[in-house]
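Reviewing the structure listed below.
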Amino acid sequence: MPQGDDIDITSDEDLAMGVMNLISIEEHLFLTASKTGKDHYYDLLIEVREMRKRLLKKIVVSFEGEVWCISKHLLASSMRLMEVGTKELKVHGIAEAKPYFETSYRLFRMFWEIVLQQPDREQSPQPAAAPPKTAVVFFFEPGCPHCKALETFLAANDLEAMLDITRKDVTSDPANRAEMERLQQACMPDAAEHLVPFVAQDGHCAMGEADTIRFFKDLVWTRVKDSRASLASLLANGDAPPHLKTHVESYNTSVDAALNCCKE
């Protein structure tokens, strides 16, 4: 069984502390009912116990042997010794309180040593990877009004959140101009002259303000159509969550509204 600092006890830790307090509340309700003779404290005890069971099941998912009871008593003992240590700390100081705190923490870690070894325990979900951005090279000249118009379009529609745009100044770096001319010659050999703005992406290119803006619109809309096709494929699966099927119409409406800039 792992011990020491090599075990991760942070997962669901706040929930475990909440369960510890609920167990402590159960104990106090029992003692209060017994001392006062008032049965309504037992009713509250039952309600709190059901809360504790429901929440503990979110952490303790395996019920082999006596794991359920062991887990509950480890948390209960840890909580009680922590309270004893707190009282000792106030009355006799840290020297008397520390052994209680250390034992309390060891019991708490023991709880996690058992919980994290459960074969049925779900792993924490990993965040979905963001779709890769489409890489585009944007050749420009600082004083070019058409380049500025393209920049305004990109910023107004926040397209760099979706596209990986690399800007290359063809006036300050001869290598950038040579690269632009090479790409222009390859994808539009019949062009009479080499102008900016010029954009290139995976063998495709566009030149001039109107054509480069149209180029970006087509890129964005293609990505949206691809995403929508993926969603349609997911919905065709019989295992698709019902709520996803319910909201697909509003999803499509939102996509259309958000990308009016790029739809014909």
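Of note:
- On the stretch given as segment 156-171, residues that are without any contact (Cβ under 8 Å) to a residue 24 or more places away in the chain and either in a helix (DSSP H, G or I) or more than 19 Å from Ile213 (Cα to Cα) (or both) total 2.
- Within segment 61-81, tally of residues that are of a type outside the set (Ser, Thr, Tyr) and closer than 11 Å to Asn21 by Cα: 4
- Taken together, the residues in segment 128-155 that are of a type in the set (A, V, I, L, M) and not in a helix (DSSP H, G or I) amount to 6.
- Looking only at segment 62-103, and only at residues there that are part of a helix (DSSP H, G or I) and of a type in the set (Phe, Trp, Tyr), the one that is nearest to Ile114 (Cα to Cα): Trp68
- Segment 187-214, subset without any contact (Cβ under 8 Å) to a residue 24 or more places away in the chain and in contact with a Cys (Cβ under 8 Å, 6 or more places away or on another chain), residue farthest from Val137 (Cα to Cα): Met188
- Any chance Gly37 is at pLDDT 90 or above and over 28 Å from the mean Cα position of the chain (by Cα): yes
- Total residues in segment 49-61, condition surrounded by fewer than 17 Cβ atoms within 10 Å (Cβ to Cβ) and either outside any loop (DSSP other than H, G, I, E, B) or in contact with an Asp or Glu (Cβ under 9 Å, 6 or more places away or on another chain) (or both): 8
The values are calculated or read from the model by the stated rules, or taken from the named source; none is laboratory data. Computed from a predicted model, the values in this text were never measured in an experiment. All Cβ positions, glycine included, derive from the backbone under ideal geometry; neighbour counts span all protein chains shown.
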